[in-house]
Amino acid sequence: MPTAIAVTSSDLVLPPHDRQTPPASVQPQDTLESSLIGMHALIEQHGYVIALYSASAEKAGSAGSAGKSAAQRLHAVRSVLESDRIALLGIDLPPLGIALLSQQLRQLSVCDFSPGVLASSARLLAHYIYAGALLGSVTKLDRVPVSLKSHAKSWVPGAQFAVLANPRPGLVRVGQEELAGPEFGTRLLVANGPQPPSDWVTSTLAPAWQVQGVATVPLPAESARWWGTGKLVEFAAGLYDVSVLYQLVSSVRRETCHWCGLELIGDRCGFCAAPLTASLPAVQRAATRALPRGAT
């Protein structure tokens, strides 16, 4: 069985691209007992589990935040089970970006990558996800740096802002500046809030980024909290062809973790978090050469 990819809520599970892509597992959050039973069953069935959660919610969320409590629950489950077969990965992406990363890992889980390589590839893959949102206001946005000038402009009636949270934070006012996008072929996911500001993402951003396809998906429940407003359109562009994803990950040199003995790429083991001397930026530069340039 392929390594299990787990997320903290069902709205982070995107539809599979094909029949080969396995479903994501949703870690139960109602009680600690149900979480323990669910995680133990995954380990028994799949051998290894890679669980994704929001690093931003863990760091910035309040004590009652759903994102923070989910992260705490995952760490409690691994502690109680005392298992070295659970990788807990705090991902610093918006909700839709985490959903996209989960989908990519699910695609790769059926390939010949070991659990260690698959877990450590998450940080590499996240670097190539362009995650952002179209917002009607940035007054409550605290996840992405926003200048006082932009805050002031958000009070202007009709003002709209395109915000990029990853890989390089940025903010532009729609109609006055352009939002820098990827230089390689991507597929764009779009999730509309209950009060979307406009269709700018599909009518303007998608053609400007020369995406190779657009898919509309439901908005994750945490998105409004993450972006500070319910008047939004969240988007995430990333690699979608499993052969390209495979080429990207396989182009990086593999190492052996000196602590747990698992294979990995990059500078840190995904399972035990033991560091290596290699730097991730160097790995990213090397892996970039494996990507097709531009849209085709």
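The accessible area of residue 250, taken with all protein chains in place and a 1.4 Å probe, comes to roughly 50 Å². Extension gain for the segment residue 34 to residue 208, taken as residue separation times 0.36 nm less the Cα-Cα distance, is 58.0 nm to one decimal. The label point for residue 258 and the one for residue 172, both projected 7 Å from the Cα toward the Cβ, are 4.5 nm apart. Considering only 97, 185, 170, the mean-square fluctuation computed in a Gaussian network model of the chain, springs between alpha carbons under 10 angstrom, is largest for 170.
Taken as entire DSSP H runs, the helices of the chain that both span 15 Å or more between Cα atoms along their own long axis and average 0.5 or more on the Kyte-Doolittle scale are 95-108, 115-126.
Heavy-atom accessible area per residue, the chain, 1.4 Å probe: how many Å²? Counting only protein heavy atoms, the per-residue value for the chain is 45 Å².
Here the chain carries DSSP beta bridges of which approximately 60% are antiparallel, counting only pairs with both residues inside. Each of 98, 1, 72 was placed along the dipole of the range 1-120 (beta-carbon charges, centred on the mean Cα), and the one lying farthest toward the positive end is 98. Sequence-distant contacts, meaning Cα pairs under 8 Å at least 6 residues apart, place the relative contact order of the range 106-261 at 29 percent. Per DSSP H run of n ≥ 4, the term is -39500 (n - 2.57); total these for the chain, divide by its residue number, and report the mean residue ellipticity at 222 nm rounded to 500 deg cm²/dmol. Value at 222 nm, helices only: -9500 deg cm²/dmol. Here the contact order of the chain, divided by its residue count and restricted to Cα pairs under 8 Å and six or more residues apart, works out to 19 percent. Heavy-atom accessible surface of residue 177, to the nearest 10 Å², is about 100 Å², with a 1.4 Å probe and all protein chains retained.
Rounded to the nearest 0.05, what FRET efficiency do residue 43 and residue 241 have when you use their Cβ-Cβ distance and R0 = 30 Å?
Values: r = 30 Å, r/R0 = 1.01.
Rounded to the nearest 0.05, the efficiency is 0.50.
Taking the accessible area of the chain, probe 1.4 Å, and keeping the other protein chains in place, the carbon and sulfur fraction comes to 52%.
The figure for residue 124 is an accessible area of roughly 0 square angstrom, using a 1.4 Å probe on the protein chains alone. Computed on the range 92-235, the Cα convex hull volume stands at 111 Å³ per residue. At a Cβ-Cβ separation cutoff of 4.7 angstrom, cysteine residues of the chain with no neighbouring cysteine are 111. Model label points for residue 140 and residue 75, set 7 angstrom from Cα along the Cα-to-Cβ axis, are 2.6 nm apart.
Ordered by 1.4 Å accessible area with all protein chains kept, 46, 75, 258 run largest first as 258, 75, 46.
Taking the Cα centre of the chain as origin and charging only Cβ (+1 Lys, Arg; -1 Asp, Glu), how large is the dipole, in debye to the nearest 20? Intermediate values should be presented prior to the final figure.
Numbers: 23 positive and 21 negative charges, 138 e Å.
Dipole about the Cα centre, nearest 20: 660 debye.
Each label was represented as a point 7 Å from its Cα along the Cα-to-Cβ direction; for residue 195 and residue 17 these points are 3.7 nm apart. Kindly provide log₁₀ I(q)/I(0) values, in the same order as q = 0.25, 0.32 Å⁻¹, from the Debye equation applied to equal alpha-carbon scatterers of the range 208-261. Calculated log10 I(q)/I(0) at the listed q: -1.03, -1.23.
The values are calculated or read from the model by the stated rules, or taken from the named source; none is laboratory data. Remember, it's a predicted structure, so these values are computed and weren't measured experimentally. Positions of Cβ are generated from backbone atoms using ideal geometry, with glycine treated the same way; all protein chains shown enter the neighbour counts. SASA here: full protein model, heavy atoms, side chains in, ligands and nucleic acids out. Shrake-Rupley method; radii C 1.70, N 1.55, O 1.52, S 1.80 Å.
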